[in-house]
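Worksheet for the structure shown next.
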Amino acid sequence: MAGVPRFQLDDASLDRLELALEHSAFLLDDYRQIRREVKRQIDVTLYRKMLGFELKLEQQQQKDLVAALNQETWQMDEESVVQRYCRRLTPNASYLYNALMHGNNPVPTPR
């Protein structure tokens, strides 16, 4: 809804959240790659244990995110979360928010 204030985090806060999760995201990505590589070499029981451990890593990452969020100050803003996300992607994606909100093709066609 246009004109309705929304609780948001400023760009610096979002940067700090990304930084807070950077290490665990790197570890999770590596672990998932290893799990995929050994999937055909191990039995189902061990594979399920690996999946369970991956779930614990994801739960810890969520706890880390909540802890980091609790350190931030929330802002009142009229910009939507989607609009802010599109703006943060890249200056070249400035058209993306309007395209998404109006159902237009968000991918520019070459001329």
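Some points to look at:
- Per-residue HN-Hα couplings for segment 55-65 [Karplus 6.51, -1.76, 1.60; θ = phi - 60°; Hz; x = Gly/Pro]: 4, 5, 4, 5, 5, 5, 5, 5, 5, 4, 5
- Rounded to whole Hz, the Karplus (6.51, -1.76, 1.60) HN-Hα couplings of segment 15-26, x for glycine and proline: 4, 5, 5, 4, 5, 5, 9, 4, 5, 5, 5, 4
- Projecting the Cα atoms of Ala25, Leu46, Gln59 onto the charge dipole of segment 6-78 (Cβ charges, centred on the Cα centre) puts Leu46 farthest toward the positive pole.
- Compactness of segment 6-78 as Cα Rg over 2.2 N^0.38 Å, two decimals: 1.48
- Listed values for segment 34-45 are Karplus-derived 3J(HN,Hα) couplings in whole Hz (6.51 cos²θ - 1.76 cosθ + 1.60, θ = phi - 60°), namely 4, 4, 5, 5, 9, 3, 7, 9, 10, 7, 4, 4, and x replaces Gly and Pro.
- Around the amide H of Gln75, modelled in the peptide plane, lie the amide H atoms of Gln8, Leu9, Asp10, all under 5 Å away and 5 or more residues distant in sequence or on another chain.
Bear in mind these aren't lab numbers, they're just calculated from the coordinates by the rules spelled out. This structure is a prediction, so every number in the text was calculated from the model and none was measured. Note that we place each Cβ from the backbone using ideal geometry, even for glycine, and neighbour counts take in every protein chain shown.
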